[in-house]
Amino acid sequence: MTGTPVDSGDIVYDVSGDPYYVEDLQMMAKAVRYRQWLYDLLHPFLGTQILEVGGGIGNYTLMFVGNAESVVSIEPNAYCFDRLSEATKDDPKIQILKTDLEHLHFSLLDSKEFDTVVSINVLEHIADDMKAVEKMKSYLLPGGRLVLIVPAVPAAFGGIDRKVGHYRRYSRKMIRELFRKAGMESEIIRYFNFAGLLGWFWNAKIWPRNTQSERQIMIFDTYLVPLISRLEYVVPAPVGQSLLAVARK
C-alpha cells in the first residue's frame, strides 16, 4: 500500500536519492547486538498499536511486531521501501506505506488509532523538527507515547552527520523544549552509549571521517556493546552518543 505525495506543508524529510543514508542503514543492520540493546531500551515504552516513522530497511519493524497487535511503518526511500516490503510481506499485522511524515494522512491508514509512535534516528533528518513532533503527536491516542531515538551532543556534529543528512544532534534540553512546545509531557530523556560517543568524537573532530567504518562498527558491536549495555543498566550514562526520549500526549 503506498501513498501519493503532494506538495504541501514544510516538513523536509527527503533522503530518497541519498546512497549514504542507505549505506548507513545497511552497515547498522549488521550490528545485531547494538540493535537488540536499543530495542531493549525501547521495549518498556511500546504499546500494542504502533506507528513507526522511518522504517528504513526493516531493522526494527519485525522486532516491534513481536508484542504488538499491529504496526504501521512509513518509509519514503524507494530502495529502503522495497527492502522493508520484502522483509515484512509475510506478516499480516504489518502495514507499510511509501510516504514520509509530511504526506501521511489518516486516509492512508488501516489503523486510525495508535498508542505509540516510534521513530529511530529520523528526527535529525527533518528540517522543521517542531512541526514533525506535532504531526507525530496528532496520530496518538490521549495518553499515548511518542518514543524517539536521536543522536546526541551537538558538539559531536561532524562530517558523518552531514554526509547522512543530519540537520543537528540533540541535547536533553533541546528535546525537553520540543516536547514542551508540542504540549507533551516528558516521561524520560536519557543518554546512552557513552563509548559510542567517544568513537563519534574521534571520527568527527580528531581523525575526521565522512563515512562510518564497517570495521569500527563490528568491533564496537562484538566487544563493546555486551559490556557497556550491562554497565549502563546499572549506572546510567551521564552523556552518550544517543538519546532515548519518551513523552506522553
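None of the figures in this text is laboratory data; all of them are computed from the coordinates on show. As the structure is a prediction and not an experimental result, all values here were calculated from the model. Backbone-built Cβ (ideal geometry, glycine too); neighbour counts: all protein chains shown.
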The long-range amide H neighbours of Gly240, using H built 1.01 Å from N in the peptide plane and a cut-off of under 5 Å, are Phe192
Measuring from the longest principal axis of the C-alpha atoms of the chain, the long axis of helix 78-88 (C-alpha) lies at a number of degrees, nearest 10, equal to 80 degrees
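Restricting to the chain, compute how many DSSP beta bridges are antiparallel as a %, nearest 5.
On the way: 14 of 34 bridges.
Rounded to the nearest five, the antiparallel share is 40 percent.
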Cross-link partners of Lys30 among lysines (Cα-Cα below 27 Å; sequence separation of 8 or more within a chain): Lys89, Lys93, Lys98, Lys163, Lys205
Would you calculate the separation in nanometres between label points at Leu224 and Arg172, each defined as 7 Å from the Cα along the Cα-to-beta-carbon direction? 2.2 nm
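Based solely on its DSSP helices, what 222 nm [θ] is calculated for the chain when runs of n ≥ 4 H residues each add -39,500 (n - 2.57) and the sum is averaged over all residues, nearest 500 deg cm²/dmol? List each step's numbers first, then the result.
Numbers: 10 runs with 86 residues, N = 249.
Mean residue ellipticity, 222 nm, calculated: -9500 deg cm²/dmol.
Normalising by the residue count of the chain, find the relative contact order in percent from Cα pairs under 8 Å and 6+ residues apart.
Numbers: 478 pairs, mean separation 56.7, N = 249.
In percent, rounded to a whole number, it is 23.
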Which peptide among 31-37, 89-95 comes first, and what is the full order, when sorted by highest mean count of other Cβ atoms within 10 Å? 31-37, 89-95
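Can you tell me the dipole magnitude for the chain around its Cα centre, using point charges on the Cβ only (Lys, Arg +1; Asp, Glu -1), in Debye to the nearest 20? Walk me through the intermediate numbers first.
On the way: 28 positive and 30 negative charges, 195 e Å.
So the magnitude is around 940 debye.
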Can you give me the C-alpha center-to-center distance between the range 212-237 and the range 69-84, rounded to a whole angstrom? 27 Å
Students often forget the sequence filter, so: which lysines lie under 19 Å Cα-Cα from Lys181 once same-chain residues fewer than 8 apart are removed? Lys131, Lys135, Lys137, Lys173, Lys249
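Over the Cα atoms of the range 124-224, what is the Rg over Rh ratio if Rh follows Kirkwood? Intermediate values should be presented prior to the final figure.
Values: Rg = 15.6 Å, Rh = 15.2 Å.
Radius of gyration over Kirkwood radius for the range 124-224 works out to 1.03.
Determine the shape class of the range 70-196: with a ≥ b ≥ c the square roots of the Cα gyration tensor eigenvalues, call it rounded for a/c under 1.5, and otherwise prolate if a/b is greater than b/c, oblate otherwise. Can you show the working numbers first?
Details: a/c = 1.90, a/b = 1.29, b/c = 1.47.
It is oblate, given that a/c is not under 1.5 and a/b is not larger than b/c.
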